[in-house]
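Enquirer: Got a structure for you, written out below as structure tokens; questions coming shortly.
The values are calculated or read from the model by the stated rules, or taken from the named source; none is laboratory data. Please read these numbers as outputs of a predicted model, since none were measured by experiment. Methodologically, a virtual Cβ is constructed for each residue, glycine included, from the backbone with ideal geometry; neighbour enumeration extends over all protein chains shown.
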Amino acid sequence: MVRVGVAMLQGARHEHCEALQHAAIELGKTIEIVELRKSKQVDDSIHALILPGGESTTMRIASQSESLLNGIFAWMISHPNRPVLGTCAGAILLANPGSKHDRFIDAEVSRNAWGRQRFSFEAPLQVNLETPQPSSESYYELSRDKFNHKPLPMSSQAAKRESNDFPGVFIRAPRFIENTINCEKIVKLNGETVGVMQDNKLALTFHPELTEDRRFHRWLIDKITNDSM
Ligand code: GLN
């Protein structure tokens with residue numbers, strides 16, 4: 001069974017679980033979603049991992065009691081090609097895992113670089129990534145999880161079904177510093193890079209889990225190879 005870990009520190013973690021479930025249905029695959037709270041959960045049996053968006057300082061603080069981030073970074077070092085999706089604050093953590101670790105993606109990020117919360121925005125993005133197409137147009141209802149948490153409803157603008165452009169949702173987002181990017185540029189907003197990839201680690205400055213376009217979640221599941229099983 002394919003096992004995908006989601007770091008449950010803070011932020012849009014339930015929405016990622018929802019998006020993963022939906023992506024698996026679209027691919028006709030069965031996956032197990034592992035809600036990661038303690039570092040000892042992040043072992044060899046995790047085949048892929050998501051670092052959600054939220055607030056990276058809060059995540060670093062929330063991680064202290066159970067050392068979850070250190071466990072995740074150690075897992076990424078032991079399994080350098082297992083797929084990882086880091087979104088927004090998750091992208092910040094991949095680019096800047098802290099003083100004990102080298103960056104996992106070779107790019108500098110500037111936090112909150114679009115300005116304050118009220119300057120959050122939605123915009124169409126251009127994606128250069130091979131992703132498997134959904135095999136079924138499955139109806140999917142937002143459900144409550146075992147903690148009675150219901151994922152955020154998707155915003156009307158962003159919730160449009162898939163087209164070539166990706167509906168980008170930027171919430172107090174970071175920005176990559178263009179001339180520091182030394183890895184693959186995957187997603188663009190008006191020519192500016194907003195998504196990069198290195199060693200199967202995809203760092204996006206926006207929130208794909210808040211849309212109905214699951215291509216990045218399908219990519220993550222699809223990238224799990226027999227080697228990592
Ligand atoms: N501003 C947040 C940070 O610095 C990131 C925002 C987000 O994840 N939506 O961590």
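Enquirer: So how many residues does the range 35-59 have that are outside any helix (DSSP H, G or I), buried (at least 20 other Cβ atoms within 10 Å of the Cβ) and within 16 Å of the ligand (Cβ to nearest atom)?
Expert: 5
Enquirer: Need the failing condition index for Asn112 against (1) within 10 Å of the ligand (Cβ to nearest atom); (2) part of a helix (DSSP H, G or I), just the number.
Expert: Only one criterion is unmet by Asn112, namely (2).
Enquirer: When you go through (1) under 24 Å from Arg118 (Cβ atoms); (2) more than 17 Å from the chain's Cα centre (by Cα) one by one for Thr225, which number turns out not to apply?
Expert: So the condition that Thr225 fails would be (1).
Enquirer: Looking only at the range 5-13, decide whether some residue is out of contact with any helix residue (DSSP H, G or I) (no Cβ under 8 Å at 6 or more places or on another chain) and closer than 26 Å to Ser135 by Cβ.
Expert: Scanning the range 5-13, I find no residue that is out of contact with any helix residue (DSSP H, G or I) (no Cβ under 8 Å at 6 or more places or on another chain) and closer than 26 Å to Ser135 by Cβ, so the answer is no.
Enquirer: Does Ile25 satisfy the criteria of being over 27 Å from Ile177 (Cα atoms) and over 16 Å from the mean Cα position of the chain (by Cα)?
Expert: Judged against the criteria, Ile25 is a match.
Enquirer: If I filter the range 86-93 for residues that are touching a strand residue (DSSP E or B) at 6+ places or on another chain (Cβ under 9 Å), more than 16 Å from the ligand (Cβ to nearest atom) and in a loop (DSSP other than H, G, I, E, B), do I get at least one hit?
Expert: no
Enquirer: Residues of the range 180-227 being modelled with pLDDT under 95 and within 16 Å of the ligand (Cβ to nearest atom), which ones?
Expert: Glu209, Leu210, Thr211
Enquirer: Can you spot a residue in the range 116-125 that is of a type in the set (S, T, N, Q), in a helix (DSSP H, G or I), touching a residue at least 24 places away in the same chain (Cβ under 8 Å) and exposed (fewer than 15 other Cβ atoms within 10 Å of the Cβ)?
Expert: Checked against the condition, which is being of a type in the set (S, T, N, Q), in a helix (DSSP H, G or I), touching a residue at least 24 places away in the same chain (Cβ under 8 Å) and exposed (fewer than 15 other Cβ atoms within 10 Å of the Cβ), the range 116-125 yields at least one hit.
Enquirer: Restricting to the range 191-217, what's the tally of residues that are assigned to a loop (DSSP other than H, G, I, E, B) and touching a residue at least 24 places away in the same chain (Cβ under 8 Å)?
Expert: Qualifying residue count, the range 191-217: 9.
Enquirer: Looking at Ile61, Ile46, can you tell me which residue is among the hydrophobic types (A, V, I, L, M, F, W, C) and without any contact (Cβ under 8 Å) to a residue 12 or more places away in the chain?
Expert: Ile61
Enquirer: Check Ala74, Ala158 and return the single one that is among the small types (Gly, Ala, Ser) and either within 16 Å of the ligand (Cβ to nearest atom) or modelled with pLDDT under 90 (or both).
Expert: Only one candidate qualifies: Ala158.
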